[in-house]
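Taking it in order: structure first as structure tokens, then the write-up.
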Amino acid sequence: MPPGPFATIAGRYFEVGLSVIPIVPGGKKPAVPWRAWQRRRQTETELGWLADAHGACDVGIILSGLVDIETDGPVGERMLIVFSLPVPPTAIWSSPRGHHRLFRCDQPLRTRRALRPQLDVLGAGSYVVAPTSGGRAWLTSLYELAPLPTAWEDFLRAMQRPEEWRQAARDGVEEGARNTSLAALTGSWLTQRVSEVELMARAAAFARRCRPPIPAEEVARTVASIRLTRQRARPMIAEALLAAAERRLDATTWRVLMGVLALHAEVGLTLPAVAAPHRLVASYAGVDRDSVGPALRRLEQAGVVRLSRTRDPATGWRRVTVVEFLFAGHPP
């Protein structure tokens, strides 16, 4: 009988610094107690014992020094894009429900399930069933394991709401720390996606508690500055999805917007505009060519783009549509 997933793959995971556990085949339940390895790395002797005793089991990775960003299906993938935080290439595998992106993270971060619909972040105190367990396969290499972006760390720590931040928001701070604290709290609230009304209410309440209070106009300037900095840092694809979601665009218009963005990325322009022949947009968007023009006009009416005409750079004579993006953070 050929060796099972654990006997086959566990040694490779161990070689790159991961701690692994046998999983009861076909499920997600560990075959052995495992929490001691959450606090320390396994030894080679322990790994050998596990492989000898449970070689036929599936394999799990203990998330010690690791974070797993898990999406369930197309909804989860879309939520990950809308989330607007960077997702660099890393070790990725597919599972029966969706995709797992594994990142290194030196500091422990809590698990956040249902961070968004069909989007979970698994961290300290968790494990995940990995390839070559049933229905799971690598999409990239395990050796491409990347560090978790700082923006994700900041977001997840903000969600944990450290005590000193809660105290500052509750009690205010002294002069000398007021603006720094307001900027940090504003960034935290923006990361938590609180509404505009709630954000300004929280900022105003914090300002009143400071000693002396922060003037209202200074609060407004600080909040606007932090918001603008966040918007400029977002990739255009994230801005597009946010714009589409906010304006409740129909499916065809949304696909045409994605097609124009794909064309923009393919051309490699840095300016927020692109010459967009309808035939190319249609091919990128997967829609009929005749539907591109009406969809672009709907995008213009919604304030997402501005349209103009120019000569086709490929022919020098045919006139084509120029699409100029008007997303926040990417002004014309």
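Readers should treat all values here as calculations from the given coordinates under stated rules, not as data from a laboratory. Note that the coordinates shown come from a computational prediction; the quantities given were computed from them, not determined experimentally. Don't worry about glycine lacking a Cβ; one is built from the backbone with ideal geometry, like all the others, and counts go over all protein chains shown.
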Globularity ratio of the range 102-160, using Cα Rg and 2.2 N^0.38 Å:
1.23
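When Lys and Arg each count +1 and Asp and Glu each count -1, what net charge do the other residues less than 15 Å away from Gly55, Cβ to Cβ, add up to? Before the final figure, lay out each step's value.
Numbers: positive: Arg12; negative: Glu46, Asp52, Asp58.
In short, -2.
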From the C-alpha gyration tensor of the range 1-123, square roots of 5λ in Å
28, 16, 12
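Applying 1/(1 + (r/R0)^6) with R0 = 30 Å to the Cβ-Cβ distance of Arg319 and Ala224, what FRET efficiency is obtained, to the nearest 0.05? All intermediate terms of the calculation are to be shown ahead of the outcome.
Numbers: r = 40 Å, r/R0 = 1.32.
After rounding to 0.05, the efficiency reads 0.15.
Restricting attention to the range 46-144, which trypsin sites (Lys or Arg not before Pro) occupy a DSSP loop and are surrounded by at most 13 other Cβ atoms within 10 Å?
Values: sites: Arg78, Arg97, Arg101, Arg104, Arg110, Arg112, Arg113, Arg136; in loops: Arg97, Arg110, Arg136.
Passing sites in the range 46-144 are Arg97.
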Val87's amide H: which non-local residues (gap 5+, or another chain) put their own amide H closer than 5 Å, with H modeled 1.01 Å from N in plane and none for Pro or chain starts?
none
How many nm is it between the label spots at Ala265 and Arg297, if each spot is 7 Å from the Cα in line with the beta carbon?
2.9 nm
Given H placed 1.01 Å from N in the peptide plane, which residues other than close sequence neighbours of Leu66 have an amide H under 5 Å from its amide H?
Cys105
